[in-house]
Amino acid sequence: DSLGAVWSIAHAFSECSGAQDHQIRFLTKAIKWSKGMRESKSVGDTLLHQYIAEAYLEMDNLPLAHMHFACGNDPKRFGAVLRTLSSQCRAEEQDLIWARAILQSLCASNLELAVGLLDDSKQTEAGSANVQNVWESRAVATATFNFLRFLILACQKKSLKLFNKLTYEYEEIIQRDPLFGDYVEK
């Protein structure tokens, strides 16, 4: 069956090391194949996306790793990557990193990942003084958090009316980042 094939591909990949360019080409083709499966989402299999995200991360290609993590299935791992990225930017931008990731997950029809990321974003890293709950730092961050929380609720309830109200009420938050508008339109 196709699900068994995905697990076989993922297992074979997990036993490979090195030759990342070949791994990425292989996984890219596997993801394209998985898009045709009924069990898979329109973006392809989440496990395959998770593996390719890790491969891109090893190559220090954060934009492509980020894109594949958003289609993956591990909010804790993606959260750890986002926490690392957040610690490297200014405090007033930390919430934007998490918001982009959550919106990208929603655009990939990955509601479960978006919920997991929102939950993970509220956690603080044990023993780390410079990484904090990104939503505690400023009032704008709290408004961003509320927008994301309500947006996830609208998606869970499949409520277009609530979605439209949110995009109207939180227009200022959406305008903070040019990509937010694109994500919300999807």
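Evaluate the following for SER105: is it among the hydroxyl-bearing types (Ser, Thr, Tyr), closer than 16 Å to ASP45 by Cα and within 9 Å of the chain's Cα centre (by Cα)? Lay out the reasoning, then the answer.
Working: among the hydroxyl-bearing types (Ser, Thr, Tyr): yes; closer than 16 Å to ASP45 by Cα: yes; within 9 Å of the chain's Cα centre (by Cα): yes.
Considered against the rule, which asks whether it is among the hydroxyl-bearing types (Ser, Thr, Tyr), closer than 16 Å to ASP45 by Cα and within 9 Å of the chain's Cα centre (by Cα), SER105 comes out as yes.
Can you tell me how many residues in region 14-54 are at pLDDT 80 or above and over 19 Å from CYS107 (Cβ atoms)?
3
Name, by its number, the condition in (1) farther than 25 Å from SER42 by Cβ; (2) within 18 Å of the chain's Cα centre (by Cα); (3) of a type in the set (Lys, Arg); (4) modelled with pLDDT of 85 or more that does not hold for LYS122.
Going through the list (1) farther than 25 Å from SER42 by Cβ; (2) within 18 Å of the chain's Cα centre (by Cα); (3) of a type in the set (Lys, Arg); (4) modelled with pLDDT of 85 or more, LYS122 breaks only (4).
Filter region 64-80 for residues that are over 9 Å from the mean Cα position of the chain (by Cα) and crowded, with 20+ Cβ neighbours inside 10 Å and give the result.
ALA65
Determine, yes or no, whether ALA91 is surrounded by 13 or more Cβ atoms within 10 Å (Cβ to Cβ) and at pLDDT 90 or above. Show your work before the answer.
On the way: surrounded by 13 or more Cβ atoms within 10 Å (Cβ to Cβ): yes; at pLDDT 90 or above: no.
No, not satisfied.
Inside region 104-126, can you point out the residues that are out of contact with any Pro (no Cβ under 6 Å at 6 or more places or on another chain) and within 13 Å of CYS71 (Cβ to Cβ)?
Kept after step one, since they are out of contact with any Pro (no Cβ under 6 Å at 6 or more places or on another chain), are these residues of region 104-126: 104-112, 114-115, 118-119, 121-126.
Hits for region 104-126 are GLN104, SER105, LEU106, CYS107, ALA108, SER109, ASN110, LEU111, GLU112, ALA114.
List the pairs whose first member sits in region 100-112 and is in the same structural domain as GLU185 (by TED's automatic domain parsing) and within 20 Å of LEU62 (Cα to Cα), whose second member is hydroxyl-bearing (Ser, Thr, Tyr) and in a loop (DSSP other than H, G, I, E, B), and whose Cβ atoms are under 9 Å apart, counting only residues at least 6 apart or on separate chains?
ALA108/SER42
For region 114-124, name all the residues that are assigned to a helix (DSSP H, G or I) and not β-branched (Val, Ile, Thr). Break it down into steps so the answer makes sense when it comes.
Residues of region 114-124 assigned to a helix (DSSP H, G or I): 114-121.
Answer for region 114-124, where residues must be assigned to a helix (DSSP H, G or I) and not β-branched (Val, Ile, Thr): ALA114, GLY116, LEU117, LEU118, ASP119, ASP120, SER121.
The values are calculated or read from the model by the stated rules, or taken from the named source; none is laboratory data. Just so we're clear, the structure is a prediction, and the values are computed from it rather than from any experiment. Cβ coordinates were reconstructed from backbone atoms using ideal geometry, including for glycine residues, and neighbour counts include every protein chain displayed.
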